[in-house]
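K.L.:
Structure below; questions to follow.
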């Protein structure tokens, strides 16, 4: 990988976030490259979730700069981040269960009919939304037959696939996934991992927050290790073992002791 | 994808209709006066007021809320419009607009307490139930207002349609149902009402201003109660400070019998019309059978519990 010019999509420098006496982020850096899956790992209190909250607009950092495609950005809410093309998928299956898959995909971004029916009667273009839902789900090879069925008729994994597909369909720049497989069983989790890989292969960079080391090693291109409110290291999962990664995460292995080929 | 099965209404929508037909069949077998166009006209006229209140109630229950103040707010609206006309000599349209404004304001008040101060709808509307009742009694001196302009009776006047006498108020109720059904089903705003009732947090994260949606729901419900007040005044020809007391719970009963879930996010407003008709048919049928009104209240109580139990059990089955 060394020597190649990496196209940086999203970057953060010197992020600081304090909650009263507690410093959650203490000058954290972050760098997401084009077309990669970047896993973010860290112990509880390492500043992992504060970092992600800053990137997804859920909190505003006290200090530091975040930039997207080289332009500094200031998010005040997740909705700002969404408008900037950053979509976030949450662990707890953020869908409306009684509504159809197509409705969930287009929730908050509904398409109205053209002409009088849409402009005056404000009627939704359900046919078009259904059609586009089918296309987008086919694109990502999500094997769900009917887009008009209620989300609650789906399994947990399928529901999460709907949430991931929605994010992938509307994200222009980045998809952030916060523990997307934590609530799922093995088979269902693999289904979602497979989908995350396809999202990356379509060219969208993915930030994956996970506690699940086997999942991280299975799909991450690089691993960002958060520790003590900073970025301890960025590791290359191909050249480092899972136990050494955990050692870096817990502080048992100092960042300066990590062999050069393990860094990414 | 667009198969025939998708176009069929789910059982949740058909259930109330089946119950209505069964109730009609039962009362037809018990009283030979039940099955007549005249009697059906009467049922419609009796259902008119609670039917319109129940539209507002449906909106609120779809967001997983509840409005215990609906009937009392309606009574206040009725007193305001009749007193304003009687005391200040306002013309019927102006006085009715004032009544609508008062009920809408009450809806807004409920909505602000629910969305801004985050109080549970049950508690908020339990409070406004008593406030509206007290204001109604104080302002009217507990006296019925009978000196009202002729224009206020217009919605109660009738025309004949195929042997049945239908009032303009009934037409208005049916029109409102069609409008509410269309808006909830075909527009983004309507779908957002369902989404808020389904999963408010997920809905907020998609960028939908959930509090604005909720506030509008309470405001529109207040407007519905105002329209119901107009219909009530037109039907009785007076402003009655004790109106709305049966309607208060009947409206909730109608919504639940119509298949709308008390847990929010599921239901069809046309089901509420069927629910209101079920309540009306039971009251009418039992009266024709000579059953005393206390038993009618008993039966409505049993109906609500049955409807909620069915809702609860069918949800368990779906999961």
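The values are calculated or read from the model by the stated rules, or taken from the named source; none is laboratory data. For clarity, every value in this text was computed on a predicted model and none was experimentally measured. Virtual Cβ from ideal backbone geometry, glycine too; neighbours counted across all protein chains shown.
K.L.:
When you check residue B:280 against the structure, is it in a loop (DSSP other than H, G, I, E, B), surrounded by 14 or more Cβ atoms within 10 Å (Cβ to Cβ) and within 17 Å of the chain's Cα centre (by Cα), yes or no?
P.N.:
No.
K.L.:
Out of B:215, B:231, which single residue is surrounded by fewer than 24 Cβ atoms within 10 Å (Cβ to Cβ), touching a residue at least 24 places away in the same chain (Cβ under 8 Å) and either assigned to a helix (DSSP H, G or I) or at the interface with another protein chain (Cβ under 7 Å from one of its Cβ atoms) (or both)?
P.N.:
B:215
K.L.:
So residue B:260 fits all but one of (1) surrounded by 23 or more Cβ atoms within 10 Å (Cβ to Cβ); (2) more than 14 Å from chain A (Cβ to nearest Cβ); what number is the exception?
P.N.:
(2)
K.L.:
Confirm whether residue A:167 is surrounded by 21 or more Cβ atoms within 10 Å (Cβ to Cβ), under 12 Å from the mean Cα position of the chain (by Cα) and either under 25 Å from residue A:67 (Cα atoms) or in the same structural domain as residue A:257 (by TED's automatic domain parsing) (or both).
P.N.:
Details: surrounded by 21 or more Cβ atoms within 10 Å (Cβ to Cβ): yes; under 12 Å from the mean Cα position of the chain (by Cα): yes; either under 25 Å from residue A:67 (Cα atoms) or in the same structural domain as residue A:257 (by TED's automatic domain parsing) (or both): yes.
Criteria met by residue A:167.
K.L.:
Scanning region A:105-120 for residues that are touching a strand residue (DSSP E or B) at 6+ places or on another chain (Cβ under 9 Å) and facing chain B (nearest Cβ under 8 Å), which turns out farthest from residue A:49 (Cα to Cα)?
P.N.:
That would be A:112.
K.L.:
Is it the case that some residue within region B:278-294 is over 22 Å from residue B:55 (Cα atoms), within 14 Å of chain A (Cβ to nearest Cβ) and at pLDDT below 90?
P.N.:
no
K.L.:
Residues in region A:61-80: is at least one under 28 Å from residue A:147 (Cα atoms), buried (at least 19 other Cβ atoms within 10 Å of the Cβ) and within 14 Å of another protein chain (Cβ to nearest Cβ)?
P.N.:
Looking through region A:61-80, at least one residue is under 28 Å from residue A:147 (Cα atoms), buried (at least 19 other Cβ atoms within 10 Å of the Cβ) and within 14 Å of another protein chain (Cβ to nearest Cβ).
K.L.:
Turning to a different aspect of this structure: For region A:121-132, give me each residue that is in contact with a strand residue (DSSP E or B) (Cβ under 8 Å, 6 or more places away or on another chain) and either more than 9 Å from every other protein chain (Cβ to nearest Cβ) or not in a loop (DSSP other than H, G, I, E, B) (or both).
P.N.:
First pass over region A:121-132, keeping only residues in contact with a strand residue (DSSP E or B) (Cβ under 8 Å, 6 or more places away or on another chain): A:122-125.
Hits for region A:121-132 are A:124, A:125.
A quick yes/no check of all residues on (1) in contact with a strand residue (DSSP E or B) (Cβ under 8 Å, 6 or more places away or on another chain); (2) within 14 Å of chain A (Cβ to nearest Cβ); (3) surrounded by fewer than 16 Cβ atoms within 10 Å (Cβ to Cβ); (4) without any contact (Cβ under 8 Å) to a residue 40 or more places away in the chain:
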{"residue": "B:128", "(1), (2), (3), (4)": "no, no, no, no"}
{"residue": "B:145", "(1), (2), (3), (4)": "yes, no, no, no"}
{"residue": "B:150", "(1), (2), (3), (4)": "no, no, yes, no"}
{"residue": "B:205", "(1), (2), (3), (4)": "yes, yes, no, yes"}
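K.L.:
Going through region B:148-164 one residue at a time, which ones are assigned to a strand (DSSP E or B) and farther than 19 Å from residue B:50 by Cα?
P.N.:
Residues satisfying the conditions are B:159, B:160, B:161, B:164.
K.L.:
Go through the residues of region A:37-60 one by one and say whether even a single one is closer than 18 Å to residue A:216 by Cα and without any contact (Cβ under 8 Å) to a residue 40 or more places away in the chain.
P.N.:
yes
K.L.:
Please go through region A:5-19 and give me each residue that is assigned to a loop (DSSP other than H, G, I, E, B) and either in contact with a strand residue (DSSP E or B) (Cβ under 7 Å, 6 or more places away or on another chain) or touching a residue at least 12 places away in the same chain (Cβ under 8 Å) (or both), ordered by number.
P.N.:
Within region A:5-19, A:6, A:7 meet the criteria.
K.L.:
Which of the residues belonging to region A:47-60 are over 17 Å from the mean Cα position of the chain (by Cα) and within 13 Å of chain B (Cβ to nearest Cβ)?
P.N.:
Selection gives nothing.
K.L.:
Yes or no: region A:230-244 includes at least one residue that is buried (at least 19 other Cβ atoms within 10 Å of the Cβ), more than 14 Å from chain B (Cβ to nearest Cβ) and over 20 Å from the mean Cα position of the chain (by Cα).
P.N.:
Yes, there is a match, as at least one residue in region A:230-244 is buried (at least 19 other Cβ atoms within 10 Å of the Cβ), more than 14 Å from chain B (Cβ to nearest Cβ) and over 20 Å from the mean Cα position of the chain (by Cα).
K.L.:
A further question follows. Are any residues in region A:136-153 modelled with pLDDT of 90 or more and away from chain B (no Cβ under 12 Å), and if so, which ones?
P.N.:
Correct list: empty.
K.L.:
Could you tell me whether residue A:102 is crowded, with 17+ Cβ neighbours inside 10 Å, touching a helix residue (DSSP H, G or I) at 6+ places or on another chain (Cβ under 6 Å), closer than 28 Å to residue B:64 by Cα and within 8 Å of chain B (Cβ to nearest Cβ)?
P.N.:
In short, no.
K.L.:
I've got another one for you. Name every residue in region A:201-217 that is within 12 Å of residue A:37 (Cβ to Cβ) and buried (at least 16 other Cβ atoms within 10 Å of the Cβ), in order of residue number.
P.N.:
If the condition is that a residue be within 12 Å of residue A:37 (Cβ to Cβ) and buried (at least 16 other Cβ atoms within 10 Å of the Cβ), then A:204, A:205, A:206, A:207, A:208, A:209, A:210, A:215, A:216, A:217 are the ones that fit.
K.L.:
Here is a list: B:242, B:248. Which entry is outside any loop (DSSP other than H, G, I, E, B) and either surrounded by 24 or more Cβ atoms within 10 Å (Cβ to Cβ) or touching a residue at least 24 places away in the same chain (Cβ under 8 Å) (or both)?
P.N.:
When all the criteria are applied, what remains is B:248.
K.L.:
Then there is this: Test residue A:89 against the criterion of being crowded, with 18+ Cβ neighbours inside 10 Å, in contact with a helix residue (DSSP H, G or I) (Cβ under 7 Å, 6 or more places away or on another chain), away from chain B (no Cβ under 11 Å) and in contact (Cβ under 8 Å) with a residue 24 or more places away in the chain, and give yes or no.
P.N.:
So residue A:89 fails the test.
K.L.:
Kindly indicate whether any position in region A:33-42 is modelled with pLDDT of 90 or more, surrounded by 17 or more Cβ atoms within 10 Å (Cβ to Cβ) and within 14 Å of another protein chain (Cβ to nearest Cβ).
P.N.:
Checked region A:33-42: no residue is modelled with pLDDT of 90 or more, surrounded by 17 or more Cβ atoms within 10 Å (Cβ to Cβ) and within 14 Å of another protein chain (Cβ to nearest Cβ).
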